[in-house]
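Undergrad: Handing you this structure, nothing more for now.
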Amino acid sequence: MSSSVIDFIATEARFGAQNYAPIGVVLSRGEGVWVWDTEGNRYLDCLSAYSAVSQGHCHPKILAAMVEQAHRLTLTSRAFHNDQLALFYEEIAALTGSHKVLPMNSGAEAVETAIKSVRKWGYEVKGVPDGQAEIIVCANNFHGRTLGIVGFSTDPETHGHFGPFAPGFKIIPFGDAAALKKAITPNTVAFLVEPIQGEAGVVIPPAGYFTEVRQLCTANNVMLVLDEIQTGLGRTGKLLAEQHEGIEADVTLLGKALSGGFYPVSAVLSNNDVLGTLRPGQHGSTFGGNPLACAVARAAMRVLVEEGMIENAARQGARFLEGLKDIRANTIREVRGRGLMLAVELHPEAGRARRYCEALQGKGILAKDTHEQTIRIAPPLVITSDQVDWALERLASTLTQDFS
Ligand SMILES: *Cc1c(COP(=O)(O)O)cnc(C)c1O
């Protein structure tokens, strides 16, 4: 590493809170699936900023929409209307088949908004006694970092020494419909769940799970809230991961790729009266629904569809998964994935996934470990067959090494 790179990293360490442990690369440019470091080395981005850059780095059409809008009007607050919000509503509703939309900024804010809304719905529509609403969530969930959310995380790193936390959450195992059935009471207002648990290591539930979940929620008048912040917008090879299961959520949360990585934009979508319970003054955000965010999100959704990125995710995801399954290496315990949301879980004896990610960096691939033993692979949805094969070659030669 050159001294300038070491300076960037040292300066971050000196002034910054150490709440991340990044791989030792300093990036300065990106285009499509590629990023470049300050020394000009090129890498295939196999993280895509945790799926926020699904449309590829610096997509020219999203960039143009952002620049054009930034010249005209960036922020009005919701105290006034703007000429982008209505169009954003119309287009996201048409794309997802939703009836009501509430725009926020970060994913965690969308989750918080959903929690507030389903509680309010519970009291005002379902008739749950005030203060008694229960929300069921899953073990090993990841829904963001705010206090409300980390309070129902089961990961000690995530919630340790941050309490006390808000009550009203019940934790059940993921992928276990019988556990959901048992946990539901007359005060249950919602079941909040990821279609595929991303941060937990790309954990795919058993076939039929969500069909049963949907039936249980409908039968008990419980709102099914799907956190599609990571799985949504084409990542799994369908627009929404719920489509693999042939179900529809009552409330869907989107974020990350909703802006193609240019800007924090999230949204709560609902198919019924959940968002309808909110009245003026009861919820909001200074930046939520601002014209710059809306213009960026509109372009990000448009290129996803117009450029066939969702179909490409299905096609290249299948190729990538097959290729990973063909790698014969003692280090690999399991390979999982749907669309371009992929993971390689290593045997505990193989050493930490972090070492493999560092070795991949040396070969021109940026990937990130999760939970010690898992390498997560999630390139932009614009990846080509040649690029998939290029990555597979390097993954194969890395995974056959022994870093234990
Ligand atoms: C990333 C993520 C979030 C949180 O989004 P932020 O924008 O980081 O607040 C919530 N849920 C899921 C499933 C995520 O992957």
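Where a number appears in this text, it was derived from the coordinates with a stated rule and is not lab data. Given the structure is predicted, the values throughout are model-derived calculations rather than measurements. Please note: Cβ atoms are built from the backbone with ideal geometry, for glycine as well, and neighbour counts cover all protein chains shown.
Undergrad: Sort CYS357, CYS58 by Cβ crowding within 10 Å, fewest neighbours at the top.
TA: Sorted ascending by nearby Cβ count, the order is CYS58, CYS357.
Undergrad: I'd like the per residue volume of the convex hull spanned by the Cα atoms of region 60-306, given in cubic angstrom.
TA: 126 Å³
Undergrad: With +1 on each Lys and Arg Cβ and -1 on each Asp and Glu Cβ, how big is the dipole of region 6-124 about its Cα centre, in debye rounded to the nearest 20?
TA: The dipole magnitude comes to about 360 debye.
Undergrad: Here's a follow-up. Using 20 Å as the Cα-Cα cut-off, could you pick out the over-long pairs in LYS256/LYS368; LYS100/LYS120; LYS61/LYS368?
TA: LYS61/LYS368, as the Cα separations exceed 20 Å there.
Undergrad: Can you tell me how much longer the chain between ASP7 and HIS99 gets when fully stretched, taken as 0.36 nm per residue apart minus their C-alpha distance, in nm with one decimal?
TA: Here the segment from ASP7 to HIS99 would lengthen by 28.1 nm.
Undergrad: In whole angstrom, how far apart do the alpha carbon centroids of region 175-237 and region 85-104 sit?
TA: With region 175-237 and region 85-104 each reduced to a Cα centre, they are spaced 23 Å.
Undergrad: Against the longest alpha carbon principal axis of the chain, how many degrees, from 0 to 90 and to the nearest 10, is the axis of helix 353-362 turned?
TA: Orientation of helix 353-362: about 50 degrees from the principal axis.
Undergrad: Shape of region 231-378 from its Cα gyration tensor (a ≥ b ≥ c, root eigenvalues): rounded if a/c is under 1.5, otherwise prolate when a/b > b/c, or oblate?
TA: In terms of gyration-tensor shape, prolate.
Undergrad: Same structure, new question: Cβ neighbours within 10 Å, averaged per peptide: list 139-146, 163-170, 204-211, 301-308 in order, most packed at the top.
TA: My ranking of the peptides, most packed first, is 139-146, 301-308, 204-211, 163-170.
Undergrad: Among SER270, ALA314, ALA367, which residue has its Cα positioned farthest towards the positive end of the charge dipole of the chain, with +1 placed on the Cβ of Lys and Arg, -1 on the Cβ of Asp and Glu, and the dipole taken about the Cα centre?
TA: Sorting the options by dipole projection puts first SER270.
Undergrad: Can you give me the angle between helix 85-96 and the longest principal axis of the chain, using Cα atoms only, in degrees from 0 to 90, rounded to the nearest 10?
TA: 80 degrees
Undergrad: Moving to a separate point now. So how far apart, in nm, are the two label points at LEU63 and ASP155 if each is 7 Å from Cα heading toward Cβ?
TA: Once both label points are built, they end up 3.2 nm from each other.
Undergrad: Bins of 5 Å, beginning at zero and ending with the bin holding the largest distance: percent of Cα pairs per bin for region 301-362, please.
TA: 4, 16, 20, 20, 16, 10, 8, 4, 2, 0
Undergrad: What residue among GLN387, GLN230, GLN197 has the largest mean-square fluctuation in a Gaussian network model of the chain, using Cα springs under 10 Å?
TA: GLN387
Undergrad: Report, in debye and to the nearest 20, how large the dipole of region 299-345 comes out about its Cα centre when Lys and Arg carry +1 and Asp and Glu carry -1 on their Cβ.
TA: Charge dipole, region 299-345, about its Cα centre: 160 debye, nearest 20.
Undergrad: Moving to a separate point now. How big is the dipole moment of region 60-306 about its Cα centre under a simple scheme where the beta carbon of each Lys and Arg is +1, that of each Asp and Glu is -1, and everything else is neutral? Debye, nearest 20, please.
TA: Magnitude of the dipole: close to 300 debye.
Undergrad: Along the positive direction of the dipole of the chain (beta-carbon charges: Lys, Arg +1; Asp, Glu -1; about the Cα centre), which of HIS347, THR218, PRO129 reaches farthest?
TA: PRO129
Undergrad: Follow-up. Taking just the C-alpha trace of region 66-123, give me its Rg and Dmax in Å.
TA: 13.9, 44
Undergrad: How high is the relative contact order of region 60-306, in percent, counting Cα pairs under 8 Å that sit 6 or more residues apart?
TA: After rounding, I find 32 percent.
Undergrad: Moving on. Which of the chymotrypsin sites (Phe, Trp or Tyr not before Pro) across region 1-106 are loop residues per DSSP, with 10 or fewer other Cβ within 10 Å?
TA: Those that pass, being in a loop and sparsely packed, are TYR20, PHE80.
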